[in-house]
Amino acid sequence: MTVKYNFDELIDRQKSDSVKWRSYGSDVLPMWIADMDFRSPEPVIQALRARVDHGVFGYPEWNTTNTDLMRELGEVIVERMASLYGWTIHPDDLLYLPSVMTGFNLACHTLTPPHNGVFIQTPIYYPILHAARDTGRLYQEMELTLNQDGAYSVDWDLFECSLDERSRLFILCNPHNPVGKVFTQDELLEVARICLRRGITICSDEIHCDLLFDGHRHTPIASLDPEIAQNTITLMAPSKTFNLPGLKCSFAIIPNPELRKQMIAAQQGLIFGVNILGLHAALAAYRDGADWLSQLMPYLQANRDYLVDFVRQELPGISLASPAATYLAWLNCRQANIPGNPGQFFLEKAGIGFNDGELYGKGGEGYVRLNFGCPRSVLAESLNRMKNALENLPG
Ligand SMILES: Cc1ncc(COP(=O)(O)O)c(C=O)c1O
């Protein structure tokens, strides 16, 4: 039976332990951290209910093929990679992890000796920005090139110059948070070529891979070529796609047995399996969530278009490139004559909680990140609040 989902519904999250809704006062609209204000797909809720009714919540199996749940989840993921990307993987390539953040930090520990380099492209999701520092590795960066139209590209000479003999790991973010860029196959091939030539392993954070808008296609970098797959750890999760981040279930795809062995060894004593409810939710989402996702994406795309039109027509001095993916918009406020930091300004003068661009490293100054994974009325309210705050700026 097809369920018609109502993404306009306003759901009170204040009393649901949501960090998004509890970090500011009730008069502030939270448009920050990347979770959506939508209920998850009905099959996911039913699967969780059924598992909760069992009433016993012991440690789940962690071997990827030992139980029906793990076998079926593995098969669904293998089938998903084949059908979406023509990418052949094996259930043994999978390593379940509580979160993608765990995955890239573990990769830093595992694949980069202390004081060797972890390379990233800024502005970037700040736990990636901090992964080198958080794991005692050498931080190496390049800035993405900001084009005239507000979109971003990669300066390949700068990419090469920013690496050196200490560089061991490149954390790619594709689709990119916060700039909403979807890397093309040519760009990914160039990344892979450089990394292979220099002996740098790729850790590819692809958590936003299901959230692409019309005209864009996701390509897992590891799907391009078996040699690239052997040099890559791919991180994915159902959490952004189906709004399940609190259930703590993600996975790494590691076709290279040596890299997989190292990642498994690095977990010892730190990570012991994944949330049992998260596993059930992941299976239900991937197996039965397509209908929900097919309704979500047009809603998000209409939110994106509404936002882009509003900014262009009503918010002079603010600009953005229409994001190709994610429910995150990267707003350039540099020309808006805002005194001081725009995130602070909109919090104080408009009652909106954005992510402050400075948090995302070089190139983020003067930006805010807006989460449009919310009912359109909430998005409209936040944009109107921005407009009023900007109109009240001293001239
Ligand atoms: C690019 C990216 N990677 C990882 C995460 C965090 O994922 P997890 O909750 O699985 O650690 C986010 C969350 O916003 C993200 O945008």
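Here, each number is a calculation from the coordinates, and none is a lab measurement. Being a predicted model, the structure only gives us computed values, none of them experimental. Ideal geometry is used to build each Cβ from the backbone, glycine not excepted, and the neighbour counts take in all protein chains shown.
On the given criteria, is Thr241 part of a strand (DSSP E or B) and within 16 Å of the ligand (Cβ to nearest atom)? No: the conditions fail for Thr241. In region 94-111, the residues that are free of Cβ contacts under 8 Å to residues at least 60 places away in the same chain form Cβ pairs under 9 Å with partners that are of a type in the set (S, T, N, Q) and away from the ligand (no atom under 11 Å from the Cβ), at six or more places apart or across chains, as follows: Asn105/Thr135. Would you confirm, using the coordinates I've provided, whether Thr122 is hydroxyl-bearing (Ser, Thr, Tyr) and either within 12 Å of the ligand (Cβ to nearest atom) or touching a residue at least 24 places away in the same chain (Cβ under 8 Å) (or both)? Answer is yes for this residue. Out of curiosity, is Pro323 surrounded by 23 or more Cβ atoms within 10 Å (Cβ to Cβ) and assigned to a loop (DSSP other than H, G, I, E, B)? Judged against the criteria, Pro323 is a match.
Here's the yes/no breakdown for (1) over 19 Å from Met101 (Cα atoms); (2) more than 21 Å from the chain's Cα centre (by Cα); (3) surrounded by 18 or more Cβ atoms within 10 Å (Cβ to Cβ); (4) touching a residue at least 12 places away in the same chain (Cβ under 8 Å):
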| site | (1), (2), (3), (4) |
| --- | --- |
| Ile254 | no, no, yes, yes |
| Arg260 | no, yes, yes, yes |
| Ala266 | no, yes, no, yes |
| Gly269 | no, yes, no, no |
| Gly278 | no, no, yes, yes |
| Leu283 | yes, no, yes, yes |
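Residue count for region 125-140, restricted to those that are of a type outside the set (S, T, N, Q), in contact with a strand residue (DSSP E or B) (Cβ under 9 Å, 6 or more places away or on another chain) and within 16 Å of the ligand (Cβ to nearest atom): 7. Going through (1) of a type in the set (S, T, N, Q); (2) in contact with a Pro (Cβ under 6 Å, 6 or more places away or on another chain); (3) more than 25 Å from Met236 (Cβ to Cβ) one by one, Ser26 falls short only on (2). A single entry from Leu320, Leu328 fulfils the requirement of being in contact with a strand residue (DSSP E or B) (Cβ under 7 Å, 6 or more places away or on another chain), in contact (Cβ under 8 Å) with a residue 24 or more places away in the chain, within 16 Å of the ligand (Cβ to nearest atom) and more than 28 Å from Thr112 (Cα to Cα): Leu328.
Taken over region 39-67, the criterion of being over 20 Å from Ala252 (Cα atoms) and either free of Cβ contacts under 8 Å to residues at least 24 places away in the same chain or small (Gly, Ala, Ser) (or both) is satisfied by Ser40, Ile45, Ala47, Arg49, Ala50, Asp53, His54, Gly55, Val56, Gly58. Among the candidates Glu61, Glu75, single out the residue that is charged (D, E, K, R) and in a helix (DSSP H, G or I). So the residue among Glu61, Glu75 that is charged (D, E, K, R) and in a helix (DSSP H, G or I) is Glu75. Across region 246-298, the number of residues qualifying as closer than 17 Å to Leu211 by Cα, of a type outside the set (A, V, I, L, M, F, W, C) and within 16 Å of the ligand (Cβ to nearest atom) comes to 2.
Lys181 falls short on exactly one of the conditions (1) more than 16 Å from the ligand (Cβ to nearest atom); (2) under 19 Å from the mean Cα position of the chain (by Cα), and that condition is (1). Condition check for Asp92 on (1) within 14 Å of the ligand (Cβ to nearest atom); (2) surrounded by fewer than 17 Cβ atoms within 10 Å (Cβ to Cβ); (3) within 17 Å of Gln267 (Cα to Cα): one failure, at (1).
From the list Ile11, Ile33, the one residue that fits, being in contact with a Lys or Arg (Cβ under 6 Å, 6 or more places away or on another chain) and either surrounded by fewer than 14 Cβ atoms within 10 Å (Cβ to Cβ) or on the phi < 0 side of the Ramachandran plot (or both), is Ile33. Scanning region 95-119 for residues that are aliphatic (A, V, I, L, M) and either within 16 Å of the ligand (Cβ to nearest atom) or surrounded by fewer than 19 Cβ atoms within 10 Å (Cβ to Cβ) (or both) yields Leu95, Leu97, Val100, Met101, Leu106, Ala107, Val118.
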